[in-house]
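Here's the structure, in structure tokens; my notes come after.
The values are calculated or read from the model by the stated rules, or taken from the named source; none is laboratory data. Note that this is a predicted model, so its numbers are computed, not measured. Methodologically, a virtual Cβ is constructed for each residue, glycine included, from the backbone with ideal geometry; neighbour enumeration extends over all protein chains shown.
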Amino acid sequence: MFLDSNTAAVVTGAASGLGEATARALAAKGVKVAIFDLQEEKGKKVAEEIGGIFCEVNVTDDASVDAGFAKAREAHGQERILVNCAGVGNAIKTASRSKTDGSIKHFPLDAFNFIIQINLVGTFRCIAKSAAGMLTLDPLEDGARGAIVNTASVAAEDGQMGQAAYAASKGGVVGMTLPIARDLMSEGIRVNTILPGIFNTPLMNAAPPQVKEALAASVPFPKRLGYPEEYAKLALAMIDNDYFNGEDVRLDGGIRMAPR
């Protein structure tokens, strides 16, 4: 419904990976796209290529997010689309014993909180501020005002060893999707979440070839890593289909992650 030149969008984490692919896909439909990211050089390059605008934004900081939305709205008007792709991960066991000296340590709580603040709280912060802006818009057909797409992970449902923080953050995104959709239902704002599996993003490109090959082989079908453009296609389908609301959808080639 919103995929045209009359629409503005904000995509977080859009300087690379899933966010970049989504920003490009939206721009290809004529949508005016604002890129929220901390990677200034990459973000500006993508924005220039798609005719959008780059906003240096830290999703863990209220003032930074407010400034980003203000800049985006001054350039493009109030957004009807928000896609949350900003996120990070780590791998630390909850508690472990050293194989060398037998010492015991646990997951540092500051490291746990770091992941939660970006992936979960940062996502909610952007949702809340964007939705408040969308409420100022006149409704379109069927009372529609906007559409929000979040990024969780298959780790929300089958997290691996060392992924306690990451799985908790992504599980939180899944868990809040339906309640937020219900909060906003009378205002014509839809909310959906994608749970990507193993995708061929810049982070994955840093892995050795044999690791990528093993991961690809573990996918039931197709036996390869996901393409960011495939994520973008689903995000646009969620935005364009006005009956798509309150859903959490895996996009993973049928994979179910092993313990390690």
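Annotations for the structure displayed:
- Verdict on Ala72 being surrounded by 15 or more Cβ atoms within 10 Å (Cβ to Cβ), modelled with pLDDT of 95 or more and assigned to a loop (DSSP other than H, G, I, E, B): no
- Which listed residue, of Gly89, Gly30, is part of a loop (DSSP other than H, G, I, E, B) and at pLDDT below 95: Gly89
- Close pairs from the range 111-134: first under 14 Å from Ser169 (Cβ atoms), partner of a type in the set (Lys, Arg) and part of a helix (DSSP H, G or I), Cβ under 9 Å, at least 6 apart: Asn119/Lys170; Leu120/Lys170
- Consider the range 245-260 and keep the residues that are assigned to a loop (DSSP other than H, G, I, E, B) and free of Cβ contacts under 8 Å to residues at least 60 places away in the same chain. The one that is farthest from Ile198 (Cα to Cα) is Gly254.
- Residues (touching a helix residue (DSSP H, G or I) at 6+ places or on another chain (Cβ under 8 Å), in a loop (DSSP other than H, G, I, E, B) and not polar (S, T, N, Q)) located in the range 156-187: Gly159, Leu184
- Residue that is surrounded by the most Cβ atoms within 10 Å (Cβ to Cβ), among those in the range 119-138 that are more than 14 Å from Val191 (Cβ to Cβ) and among the polar types (S, T, N, Q): Asn119
- Residues in the range 92-117 that are among the hydrophobic types (A, V, I, L, M, F, W, C) and assigned to a strand (DSSP E or B): Ala95, Ile104.
- In the range 137-155 there is no residue matching the filter, namely being without any contact (Cβ under 8 Å) to a residue 60 or more places away in the chain, in contact with a strand residue (DSSP E or B) (Cβ under 9 Å, 6 or more places away or on another chain), in a helix (DSSP H, G or I) and hydrophobic (A, V, I, L, M, F, W, C).
- Taken as a whole, the condition of being of a type in the set (Lys, Arg), crowded, with 18+ Cβ neighbours inside 10 Å and in a helix (DSSP H, G or I) does not apply to Arg190.
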